[in-house]
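Right, one structure below, let's go through it.
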Amino acid sequence: NAGVTQTPKFQVLKTGQSMTLQCAQDMNHEYMSWYRQDPGMGLRLIHYSVGAGITDQGEVPNGYNVSRSTTEDFPLRLLSAAPSQTSVYFCASSRRQGLYEQYFGPGTRLTVT
Amino acid sequence: QQQVKQSPQSLIVQKGGISIINCAYENTAFDYFPWYQQFPGKGPALLIAIRPDVSEKKEGRFTISFNKSAKQFSLHIMDSQPGDSATYFCAASIRIQGAQKLVFGQGTRLTINP
């Protein structure tokens, strides 16, 4: 099993550009989520999904969109990048019955200039 | 109310010493308290977790102490080793609007000096 994979590993964007961060898992987990990690602020939930076709907002959803057409994939779209979105982004997945045990991907380091 | 407050922000411990990281919460609806370990350039990984009806859980050199009345829990790393140098996050699980969510503390960067 590859676990949770994320691409790209690094990305530099200019203000106003859009892009999609890819996330995939091969563990057949129902629950998937996106977090951003900023110094001194821990991991903050952006969006999450409890299954294919079902998504909802987390703590910091503004400026991001998600969709979940399959169990395996959960892409995160930045609509119009802003410098405040410079961060490290982590995708995670878990079984619905064991949410506290989340499996994280390796992260995408995004810089917006 | 959904926050988890973690301290200290950074910690330096000598090899062989005890590392202690503390977390506090307000919301009594939290129902599980995991700790995650993150090495540089990697995603966080579950280290150890505890239910609120248990006061202590030990796995090897890692122990969670849980004080329900004080709404506090802590991670103790005994005989700390340089390989334990990492960032540690406490977290708490809660069900909100029918969905289970994980709320993370701010993180503690632990350095073990050889």
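The values are calculated or read from the model by the stated rules, or taken from the named source; none is laboratory data. What you are looking at is a predicted structure, and each value in this text was computed from that prediction instead of being measured. Cβ coordinates were reconstructed from backbone atoms using ideal geometry, including for glycine residues, and neighbour counts include every protein chain displayed. Heavy atoms of the whole protein, side chains included, go into the accessibility calculation; ligands, DNA and RNA do not. Shrake-Rupley method; radii C 1.70, N 1.55, O 1.52, S 1.80 Å.
Worth a mention:
Per-residue answers, yes or no, for (1) under 22 Å from residue A:103 (Cβ atoms); (2) open to solvent by less than 80 Å² (accessible area, probe 1.4 Å):
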site: A:1; (1), (2): yes, no
site: A:9; (1), (2): yes, no
site: A:13; (1), (2): no, yes
site: A:20; (1), (2): yes, yes
site: A:27; (1), (2): yes, yes
site: A:43; (1), (2): yes, yes
site: A:69; (1), (2): yes, no
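- Residue count for region B:3-35, restricted to those that are in contact (Cβ under 8 Å) with a residue 60 or more places away in the chain, open to solvent by 60 Å² or more (accessible area, probe 1.4 Å) and over 17 Å from residue A:102 (Cβ atoms): 8.
- Residue count for region A:71-103, restricted to those that are part of a strand (DSSP E or B) and more than 12 Å from residue A:31 (Cα to Cα): 7
- Taking the criterion of being open to solvent by 10 Å² or more (accessible area, probe 1.4 Å) and either of a type in the set (A, V, I, L, M, F, W, C) or more than 13 Å from the chain's Cα centre (by Cα) (or both), the residues of region B:67-83 that qualify are B:67, B:68, B:69, B:70, B:71, B:78, B:79, B:81, B:82, B:83.
- Top-ranked residue of region A:33-47 - restricted to ones that are within 7 Å of chain B (Cβ to nearest Cβ) and in a strand (DSSP E or B), ranked as modelled with the lowest pLDDT: A:42
- One residue alone among B:87, B:111, B:63 is more than 14 Å from every other protein chain (Cβ to nearest Cβ), among the polar types (S, T, N, Q) and open to solvent by 20 Å² or more (accessible area, probe 1.4 Å), and that residue is B:111.
- Region B:13-30 - residue that is under 9 Å from residue B:77 (Cβ atoms) and of a type in the set (A, V, I, L, M, F, W, C) and, of those, nearest to the chain's Cα centre (by Cα): B:21
- Test: residue in region B:91-98 that is assigned to a loop (DSSP other than H, G, I, E, B), within 13 Å of the chain's Cα centre (by Cα) and either closer than 26 Å to residue A:105 by Cβ or within 14 Å of another protein chain (Cβ to nearest Cβ) (or both): no
- Applying the set (1) away from chain B (no Cβ under 14 Å); (2) open to solvent by less than 40 Å² (accessible area, probe 1.4 Å); (3) of a type in the set (D, E, K, R) to residue A:73 leaves exactly one unmet item: (2).
- Failed criterion for residue A:58 (all others in (1) within 13 Å of another protein chain (Cβ to nearest Cβ); (2) surrounded by fewer than 16 Cβ atoms within 10 Å (Cβ to Cβ); (3) within 24 Å of residue B:94 (Cβ to Cβ) hold): (2)
- Positions within region B:84-100 being in contact (Cβ under 8 Å) with a residue 24 or more places away in the chain and either touching a Gly at 6+ places or on another chain (Cβ under 8 Å) or not polar (S, T, N, Q) (or both), in sequence order: B:84, B:86, B:87, B:88, B:89, B:90, B:91, B:92, B:94, B:95, B:96
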